[in-house]
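Structure, as structure tokens:
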Amino acid sequence: MDFIYLASQSPRRRQLLDQIGVRHELLLPEPHEDAEALEHLLRGESATAYVQRVTWAKLEAARTRLATSGRTPAPLLCADTTVAIGRHILAKPNDAADAARMLGLLSGREHRVLTAVALAVGSHQQLLLSTSTVRFATLSAAQIDTYVASGEPMGKAGAYAIQSAAAAWVQAIRGSYSGIMGLPLYETAQLLRGIGWPI
């Protein structure tokens with residue numbers, strides 16, 4: 001086994017796997033699959049329960065996709081990231097106004113970034129969770145408006161990307177930088193070592 005399938009459309013996850021030398025091929029949703037529907041929030045669900053449930057759902061969908069694709073069997077990796085303030089989950093923004101609202105909530109406060117990563121090989125599957133804490137400086141309305149206008153918040157949990165211009169607002173991080181980007185490399189390496197991957 002010399003490669004894995006990555007069931008993610010995130011270029012950041014590809015970049016992070018490249019960083020640790022893991023050769024991978026993309027296994028993306030087919031046009032008829034509603035990938036976004038897997039990320040719906042359940043009433044009263046905690047951020048931890050949410051990110052783990054969504055990751056398991058993504059893994060199951062990807063396993064079905066691989067089984068019916070006729071492609072060469074290989075380990076299958078997927079992940080999901082969410083942002084939370086207390087028990088309030090900040091998923092991907094619906095539009096620019098929603099992104100601005102989320103950034104306003106993050107301004108001057110500490111929040112959690114949770115990323116679950118799961119690996120499947122045959123019938124074996126395992127999931128690990130990375131939780132990090134990020135503190136933002138107080139943001140002006142102009143800073144928020146400029147960032148939202150850049151389009152960067154769209155498609156990002158919590159309406160920001162740590163590797164973007166938003167990095168200038170980060171006062172402190174406790175945890176995994178790669179986890180905040182979307183794929184915690186320590187946990188990913190643990191999963192891969194568990195199946196005998198030389199990493």
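The values are calculated or read from the model by the stated rules, or taken from the named source; none is laboratory data. As the structure is a computational prediction, the values presented were derived from the model and not from experiment. Positions of Cβ are generated from backbone atoms using ideal geometry, with glycine treated the same way; all protein chains shown enter the neighbour counts. Accessible surface is based on the protein model in full, side chains and every heavy atom, while ligands, DNA and RNA are left aside. Shrake-Rupley method; radii C 1.70, N 1.55, O 1.52, S 1.80 Å.
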Pop the C-beta distance of MET154 and SER107 into the FRET formula with R0 = 22 Å and round what comes out to the nearest 0.05.
0.70
Which value, in Å² and to the nearest 10, is the accessible area of ILE199 when all protein chains are kept and the probe is 1.4 Å?
60 Å²
Using a 1.4 angstrom probe and counting only protein chains, how large is the accessible area of GLU60 in Å², to 10?
100 Å²
Got a number for the accessible area of SER140? Probe 1.4 Å, square angstrom, nearest 10.
50 Å²
What number comes out for the charge environment of THR133, summing +1 per Lys or Arg and -1 per Asp or Glu over other residues with Cβ under 12 Å away?
+3
What do you get for the angle between helix 47-69 and the principal long axis of the chain? Use alpha-carbon atoms, 0 to 90 degrees, nearest ten.
40 degrees
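Could you tell me the relative contact order of the chain? Use alpha-carbon pairs under 8 Å, at least six residues apart, and round to a whole percent. Let's see the in-between values first.
On the way: 355 pairs, mean separation 42.2, N = 199.
It comes to 21 percent, rounded to a whole number.
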Folded to 0 to 90 degrees: helix 185-194 orientation relative to the chain principal axis, Cα
20 degrees
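Order THR188, THR133, THR72, most accessible first, counting only protein heavy atoms with a 1.4 angstrom probe. The partial results should precede the final answer.
On the way: THR188 0, THR133 25, THR72 85 Å².
I get THR72, THR133, THR188, largest accessible area first.
List the chymotrypsin sites (Phe, Trp or Tyr not before Pro) within the stretch 121-199 that DSSP assigns to loop and that have no more than 12 neighbouring Cβ atoms inside 10 Å. Numbers along the way, then the final one.
Details: sites: PHE136, TYR147, TYR160, TRP169, TYR177, TYR186; in loops: TYR160.
Passing sites in the stretch 121-199 do not exist.
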In Å, what is the Rg of the alpha-carbon atoms in the chain, and how long is Dmax?
16.9, 52
